[in-house]
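Inspection log for the structure reproduced underneath, given as structure tokens.
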DNA sequence: TCAAAAGTGTTCCGAATACACCCATGC
DNA sequence: GCATGGGTGTATTCGGAACACTTTTGA
């Protein structure tokens, strides 16, 4: 196998192996949450291949660029989003996944407070839109598979990372937090028990504010105590909110 | 960025972008367990770069080969191990991680019953050896970083996959199982509680055999009930043996 | 009979569960 | 008042933690 490598000569006279003809790309699964829906950010491609299709924001990595940097800059280029923390979750490298040649793609996911970010289509994205993860359009390449794996990763990450606070706006009610977990995991919790458990973690700071413009008793607003989360995490705390479904 | 792509012409007149000059490789972190030690399989490289260094078994992927296939065939080529289930855990793609050019590597890990497999060095592996994960030599490339991430992945996977049964021989005692978990996680369990928990899962079948050639009361031998594991897993069961350290 | 490890039983405690119930607001 | 969702309290159950204890073997 490696004994039979063909060598090619590039324009600038650098020899390289046959194997050095891979493309490498990154694809970003950006999750948001609004009105009871877990959403993902997709772009409509305005370039071949798959022109006109919906796709994950992604692009080829350039030769002198680290993967994390590529993920962030691609996302910025296509959507305007900036300084998003992204976590790698899987690499997809089937032989025929890309029509232009052998391209492996490293998939990242991230969680954003969608109220804080206002994606704007640019580069070869003709439009951009949040989609409910239960109502996805057809996707370019193997992006359906990537996205599905990303969703499973998100659901699993609930156990060791405070996804609730990453997806909700700065101020939120306990019911909103509960609704988010229910949407993520697909089942319901018992309200009193959920509240007890979440408050028992001491990760929430109660604000002296309440909801406004609601036609029922207004709920208290809370915010996430990130400092406390960090110190707990460093001691080996795992954020586990797995209550029984109700 | 992508607007300024240079195109190269290969020998057989196929144009390809500058970005299509990546190398892609796979590296395998093979875990075994013996005599209280969690071990990993390393090869001594008999080829440049890093000739003479210890390294993870790995190689460039060829253009017409899927990643999973590459991982298995590379491992087979270097060590003789065959049909090992491997799971991808991370891709490493720093710009300068490989001296020969831009090579991203997809890392896989697997768990083997080391008593069943007898690795034999071949290809560019001049020797091959199990190393206790607490006493690792210097490693080629960024393999130290890869291996450390692999170890963390293994420790985390304890929670959702029956690593105990994948690493131990077919027949084992409960004390052996406990010792394995203690070695993996780095702390001790209370014996009665460990036994209760593990037996309570009904994943073990008690055999009508006992240890031999021991100078104390011989322990019963058990085997893993894989069928039962599968049916439980499909119902959403997570294998969680996290007891408090003693 | 002793050492060493196998193996069992029991109490205690805290956290999850399954509820019932009260509270504040707009209409 | 009443509908609606916010918010609280409590008895019960279950499983983990702690620890004492018995059993079986070889030497």
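The values are calculated or read from the model by the stated rules, or taken from the named source; none is laboratory data. Nothing here was measured: the structure is a model prediction, and the numbers come from that model. So basically every Cβ, Gly included, is an ideal-geometry build from the backbone, and we count neighbours across all protein chains shown.
How about segment A:175-199: which of its residues are within 14 Å of chain B (Cβ to nearest Cβ) and more than 14 Å from DNA strand C (Cβ to nearest atom)? Break it down stepwise before answering.
Of the residues in segment A:175-199, the ones within 14 Å of chain B (Cβ to nearest Cβ) are A:185-187.
A:186, the sole residue that qualifies.
Can you confirm whether segment A:106-122 contains a residue that is facing another protein chain (nearest Cβ under 10 Å) and over 22 Å from residue A:39 (Cα atoms)?
No.
Name the residue that is farthest from DNA strand D (Cβ to nearest atom), counting only residues in segment A:189-204 that are assigned to a loop (DSSP other than H, G, I, E, B) and loosely packed, with under 15 Cβ neighbours inside 10 Å.
A:202
Return only the number of the condition from (1) more than 8 Å from every other protein chain (Cβ to nearest Cβ); (2) out of contact with any strand residue (DSSP E or B) (no Cβ under 9 Å at 6 or more places or on another chain); (3) at pLDDT 95 or above that residue B:95 does not satisfy.
With respect to (1) more than 8 Å from every other protein chain (Cβ to nearest Cβ); (2) out of contact with any strand residue (DSSP E or B) (no Cβ under 9 Å at 6 or more places or on another chain); (3) at pLDDT 95 or above, residue B:95 is out only on (1).
Would you check which residues across segment A:100-116 are closer than 19 Å to residue A:147 by Cβ and in a loop (DSSP other than H, G, I, E, B) and list them? If you could, list the steps in order and put the result at the bottom.
Initially, segment A:100-116 is screened for residues closer than 19 Å to residue A:147 by Cβ, giving A:103-112, A:114.
Listed by number, the residues that qualify are A:112, A:114.
Yes or no: residue B:211 surrounded by fewer than 19 Cβ atoms within 10 Å (Cβ to Cβ), within 16 Å of DNA strand D (Cβ to nearest atom) and either within 14 Å of chain A (Cβ to nearest Cβ) or at pLDDT below 95 (or both)?
Against the criterion (surrounded by fewer than 19 Cβ atoms within 10 Å (Cβ to Cβ), within 16 Å of DNA strand D (Cβ to nearest atom) and either within 14 Å of chain A (Cβ to nearest Cβ) or at pLDDT below 95 (or both)), residue B:211 qualifies.
May I ask you to verify whether residue A:131 is at pLDDT 95 or above, assigned to a strand (DSSP E or B) and closer than 30 Å to residue A:214 by Cβ?
Yes; evaluated as a whole, the condition is true for this residue.
Of the residues that make up segment A:152-174, is at least one outside any helix (DSSP H, G or I), more than 16 Å from DNA strand D (Cβ to nearest atom), within 14 Å of another protein chain (Cβ to nearest Cβ) and in contact with a strand residue (DSSP E or B) (Cβ under 9 Å, 6 or more places away or on another chain)?
The answer is yes; a qualifying residue exists.
Would you check which residues across segment B:81-92 are in a loop (DSSP other than H, G, I, E, B) and in contact with a strand residue (DSSP E or B) (Cβ under 8 Å, 6 or more places away or on another chain) and list them?
B:81, B:84, B:85, B:86
When segment B:205-229 is examined, which residues are found to be in a loop (DSSP other than H, G, I, E, B), in contact with a strand residue (DSSP E or B) (Cβ under 6 Å, 6 or more places away or on another chain) and either over 13 Å from residue B:176 (Cα atoms) or more than 8 Å from DNA strand C (Cβ to nearest atom) (or both)?
Step one: filter segment B:205-229 for residues in a loop (DSSP other than H, G, I, E, B), giving B:211-219, B:225.
Okay, now just the ones that are also in contact with a strand residue (DSSP E or B) (Cβ under 6 Å, 6 or more places away or on another chain), so B:218, B:225.
Correct list: B:225 only.
If you go through segment B:62-88, how many residues are within 11 Å of chain A (Cβ to nearest Cβ), surrounded by fewer than 21 Cβ atoms within 10 Å (Cβ to Cβ) and touching a residue at least 12 places away in the same chain (Cβ under 8 Å)?
The number of residues fulfilling the criteria is 4.
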